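J.: Below you'll find the structure I mean.
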Amino acid sequence: MVLGLGTGSTAKHAVDRVGELLRQGKLKDIIGIPTSKKTHEQALSLGIPLSDLDSHPVVDLAIDGADEVDPYLNLVKGRGGSLLREKMVEGACKKFVVIIDESKLVNYIGGSGLAMSVEVIQFCWKFTASRLQNLFQESSCVAKLRTLGKKA
C-alpha cells in the first residue's frame, strides 16, 4: 500500500501510529509518501519505508489534518507551510482521510482568525504579494511573506 503521510500537529499522531503498527508487525508492505521534510524525517526515524510520486504516482490512501473545519465539513489546510506538497500527494490519492481534534472546529471558515495560507514560489513573490493585497483590499487583508528562517 502506498500511503500519503500528512504534516502537522494532528497528522503527526497518525504517522507515529503507522510506525508503531509497522514495528509490531500489524502493518506490512507500506510505502510512505511524506508531504513535508519534517514528516520525511519523522517517518525515517520510525522506520517507515519512503518513496515519492515519481516512483509511485498513485497513492492508495492519504491521511492528513486540517487547520479549520466548519459544520458543513468545509476545511482549510496548509497553514503549516506544506500546502503545495500536501495538494500534490492528495491529488494523487484514491482516498483521502482528514483527521482533526476539537481545536480545529470553527463556526465558519476563517472563524479562527488565523491567516489563510497561499503558497508562492520565490520567482516574483513581491508581484504576487501585491496582487493578493489588491485582490482582498476591501476586506482589510494583509499579504505577508512567511519564511522558514535562514537555514531553510
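Bear in mind these aren't lab numbers, they're just calculated from the coordinates by the rules spelled out. Everything numeric in this text was worked out from a predicted model, so none of it was measured. Using ideal geometry, Cβ is built from the backbone for each residue, glycine included, and neighbour counts are taken over all protein chains shown.
J.: State, as an integer percentage, the relative contact order of the chain based on alpha-carbon contacts under 8 Å between residues 6 or more apart. Show your work: numbers first, answer last.
T.: On the way: 233 pairs, mean separation 34.2, N = 152.
That works out to 22 percent.
J.: List every residue whose amide H lies under 5 Å from the amide H of Val59, counting only residues 5 or more places away in sequence or on a different chain, with H placed 1.01 Å from N in the peptide plane.
T.: The answer is Cys93, Lys94.
J.: May I have the convex hull volume per residue, in Å³, for the Cα set of the chain? The partial results should precede the final answer.
T.: On the way: hull volume 20.7 nm³, N = 152.
Normalising the Cα hull of the chain by residue number yields 136 Å³.
J.: Oh, and also: Figure the gain on full extension for Ile31 and Tyr72 (residue separation times 0.36 nm, minus the Cα-Cα span) and round it to one decimal in nm. Walk me through the intermediate numbers first.
T.: Working: separation 41, 0.36 × 41 = 14.76 nm, distance 3.27 nm.
Gain on stretching Ile31 to Tyr72: 11.5 nm.
J.: Please compute, over every Cα-Cα pair in region 24-88, the percentage with a separation greater than 16 angstrom.
T.: Numbers: 1132 of 2080 pairs.
Everything past 16 Å amounts to 54 percent.
J.: Taking R0 as 35 Å, what FRET efficiency do you get between Lys94 and Gln133 from their Cβ-Cβ distance, rounded to the nearest 0.05? If you can, show how the numbers build up before the last one.
T.: Working: r = 38 Å, r/R0 = 1.09.
For Lys94 and Gln133, the calculated efficiency is 0.35.
J.: Rounded to the nearest 5, what is the percent of antiparallel bridges among the DSSP beta bridges in the chain? Working shown, then result.
T.: On the way: 2 of 17 bridges.
Here the antiparallel bridges make up roughly 10 percent for the chain.
J.: Please return the longest stretch of the chain lacking exposed loop sites, where trypsin sites (Lys or Arg not before Pro) count only if DSSP places them in a loop and at most 16 other Cβ atoms lie within 10 Å.
T.: Numbers: sites that count: Lys26, Lys28, Lys144, Arg146, Lys150, Lys151.
It runs 29-143.
J.: Next up: Can you give the charge dipole size of the chain about its Cα centre, rounded to the nearest 20 debye, using +1 on the beta carbon of Lys and Arg and -1 on the beta carbon of Asp and Glu? Kindly include the intermediate steps, with their values, before the conclusion.
T.: Working: 20 positive and 17 negative charges, 98 e Å.
The dipole of the chain has a size of about 480 debye.
J.: Something else now. Could I have the simple spin-label model distance between Arg146 and Ile109, label points 7 Å from Cα toward Cβ, reported in nm to one decimal?
T.: 1.7
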